[in-house]
Amino acid sequence: MTDFAELHSHLYGCLTVDDLYFLAERNTPRWQIFVDSWTKAHGTPPVMDGLMDPSNRRILEKHYHFKSASDFPKFQACFDLIIALSSTEPEELREIALRVAAREPAVHAEYRQLLSPFLPMDDFKARMKALALAFEESNRLNPKKTAKLAVSIPRRIDRANEYWIALQDLLQEDAVSRQIVGVDFCAQEEGNPPSAIAPLLASIQSFNTQHPDRALAILYHVGESFADKSVESAVRWIVEAARLGCHRLGHAIALGIDPEMFSLSTRQEIVRERMDQIQFELSELDSLQSAGLELEPDALKVELEQLERCGTESVTITYDSKRVRNLKLFQDWAMQEIKKTPAIIESCPTSNVRIAAIQGRHPIHRFLEAGIPVVIGADDPGIFDTDLPGEFQILESWGISAEEIAKLKARSLEVTSEKLVRRA
Ligand SMILES: [Zn+2]
């Protein structure tokens, strides 16, 4: 069997039902977090009676395993069960890191961790340091495998800078900087365009140049959740993230999703995004027209002027046959643009099918056809009740050849964060 690396998984999303019992024993659960989230997502409250009774595992499995194609709020309710049970105090982080890394099927794994945005910075640093040292301990205990940490920080620029300063402090310690190999941007995508944190990304890149021994790969979730915009705008965000120098792009569903899925449907797009999209199309006009897109620059300019004066919050985008055709061509163009950058896509099959309820072909087929470098991640294997070998089996069931799967595995070992940014 070929070795492979897990490059897209969230530490607490790897927890099993047994880990949840372990947390329930250890901590005082904050049940309201879970009850509120579940009730909001499902319209009915969860069954709390016997939920944490290990002699009846089915109740917990039913609430924790996210198995049907659904939506983000229902997924979040499952994640909020973890949040309700965890404290993320340093010793708990250590124990969870050791448990998860010990059973990891990949020979190299990078785990992402987002902590509560309400933590004081000193706590943030103490907890990330505890995790980094736990992975160092795990690597001593499991000498045939390596586990590393990617620190997740909020996308909002007002918060992100503060976290980046704290992260640089942490990286001054050798034992910590050996284990922290990436910085991850996750959580709410809507309202947080990659362009808004361009100065921060530039600052990380300049840090990388000055400190090649401590450089961090930039891992950026993008084009996964785009409820507030057109699919085209979500595709544009993916191109922007790649052009801004993000090393690996998480999910990028919008880039390869079947445009027919949107045929004859409408979406609401916030006016600012529609204006950004028009400006982008005008600035790339020649290239887009050469790629076959039917664009009318004069009509786009008129629309832009109208939007500047419209005073409404959002516009309705209708996916008629022309827009669906243009979307497919725009995605193809965007894939070629991304190929001009060093960016790699992390595709997470089960996660995408269940959270984004993708119908038809999974985007990975088009990524592979376009020749974009891709790696596979299990994302939150505990919640999805899957693992990375299971994800490769899913690819096989989708008709992806054994040869292609072997290539995906081989690439994962070549594009680990350290290999991307800490080359000698
Ligand atoms: Zn993820």
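Hey, what angle do you get for helix 271-283 against the long axis of the chain, alpha-carbon based, 0 to 90 degrees rounded to 10?
Computed tilt is about 60 degrees.
Describe numerically, in nm with one decimal, the distance between label points set 7 Å from Cα along Cα→Cβ at E414 and at D298.
For the pair E414/D298, the computed spacing is 5.0 nm.
Over every pair of different alpha-carbon atoms in the range 74-219, take the mean of 1/r and invert it; report that Kirkwood radius in Å.
In the range 74-219 this quantity evaluates to 15.9 Å.
Would you mind checking which residues have amide H under 5 Å from G250's amide H? H placed 1.01 Å from N; only 5 or more apart, or other chain.
Y220, H221, V222, E346
Of all the stretches in the chain, which is the longest one without any exposed loop site, taking chymotrypsin sites (Phe, Trp or Tyr not before Pro) in a DSSP loop (any state but H, G, I, E, B) with at most 13 other Cβ atoms within 10 Å?
Answer from the scan: 119-397.
Just how much of E189 is accessible, in Å², when a 1.4 Å probe is used and the result is rounded to the nearest 10?
10
Ignoring ligands, DNA and RNA, what accessible area per residue does the range 266-318 give at 1.4 Å, in Å²?
Solvent-accessible surface per residue comes out at 58 Å².
By DSSP, what percent of the beta bridges with both residues in the chain are antiparallel, rounded to the nearest 5?
15
In degrees between 0 and 90, to the nearest 10, how far off the longest principal axis of the chain does helix 321-339 point, with axes built from Cα atoms?
Once rounded, the angle reads 60 degrees.
Out of the range 224-319, which GluC sites (Glu not before Pro) are coil in DSSP terms and have no more than 15 other C-beta atoms within 10 Å?
Loop-located and lightly packed - E294, E313.
Mind checking which of P259, P90, P297 has the largest fluctuation in a GNM of the chain, springs on alpha carbons under 10 Å?
Comparing P259, P90, P297 in a Gaussian network model of the chain, the most mobile one is P297.
Pick out which of L15, L170, L282 has the largest mean-square fluctuation in a Gaussian network model of the chain, springs linking Cα atoms closer than 10 Å.
Top of the fluctuation ranking is L282.
Could you name the lysines in cross-link range of K145, using Cα to Cα under 28 Å and dropping any fewer than eight places away on the same chain?
Of all the lysines, those that pass the test against K145 - Cα under 28 Å, at least 8 places apart if same chain - are K125, K129, K407, K409, K419.
Tell me, what is the 1.4 Å probe accessible area of V421, in Å² to the nearest 10?
Only protein atoms counted, so the area is about 20 Å².
Using protein chains only and a probe of 1.4 angstrom, how many square angstrom of S412 are accessible, to the nearest 10?
0
What are the principal axis extents of the Cα atoms in the range 28-83, in Å, biggest first?
For the range 28-83, the Cα spread along each principal axis is 30, 23, 19 Å.
For the full complex of protein chains and a 1.4 angstrom probe, list K340, K129 by accessible area with the highest value first.
The ordering from most to least exposed comes out as K340, K129.
Taking H placed 1.01 Å from N in the peptide plane, check which residues at least 5 places from T146 or on another chain put their amide H under 5 Å from its amide H.
Under 5 Å from the amide H of T146: H108, A109.
Under a 1.4 Å probe, what is the accessible area of the range 22-91 per residue, stated in Å²?
Accessible area per residue: 55 Å².
Shape verdict for the range 276-405, please, from the Cα gyration tensor: rounded (a/c under 1.5), prolate (a/b greater than b/c) or oblate.
In terms of gyration-tensor shape, prolate.
At a Förster radius of 56 Å, what calculated FRET efficiency corresponds to the Cβ-Cβ distance of D53 and S195, to the nearest 0.05?
0.70
Quick check: convex hull over the Cα atoms of the range 266-318, volume per residue in Å³, rounded to an integer?
It is 76 Å³ per residue.
Measure off, as a whole percent, the carbon and sulfur share of the 1.4 Å-probe accessible area of the chain, all protein chains present.
52
Please work out how much length the chain gains when fully extended from W398 to T16, using 0.36 nm per residue of separation minus the C-alpha to C-alpha distance, in nm with one decimal.
134.9 nm
Compute the normalised compactness of the chain: alpha-carbon radius of gyration over 2.2 N^0.38 Å, N being the residue count.
In units of the globular-protein estimate, the chain measures up at 0.99.
What distance in nm separates the two pseudo spin-label positions at K339 and V271, each 7 Å out from Cα along the beta-carbon direction?
3.9
With axes computed from alpha carbons, what is the tilt in degrees of helix 31-42 against the longest principal axis of the chain, rounded to the nearest 10 within 0 to 90?
Relative to the chain, helix 31-42 is tipped by roughly 30 degrees.
Can you list residues from other chains, or at least 5 along the same chain, whose modelled amide H is less than 5 Å from the amide H of A5?
S412, L413
Work out from phi, with θ = phi - 60° and the Karplus expression 6.51 cos²θ - 1.76 cosθ + 1.60, the ³J(HN,Hα) of each residue of the range 347-357, listed in order in whole Hz, and give x for Gly and Pro.
Values, residue by residue: 9, 10, x, 4, 4, 5, 5, 8, 6, 8, 6 Hz.
The values are calculated or read from the model by the stated rules, or taken from the named source; none is laboratory data. All values derive from a computational prediction rather than experimental measurement. No Cβ is skipped: glycine too gets one built from the backbone with ideal geometry, and neighbour counts run over all protein chains shown. To get the accessible areas, we keep the full protein, side chains included, count just its heavy atoms, and leave off ligands, DNA and RNA. Shrake-Rupley method; radii C 1.70, N 1.55, O 1.52, S 1.80 Å.
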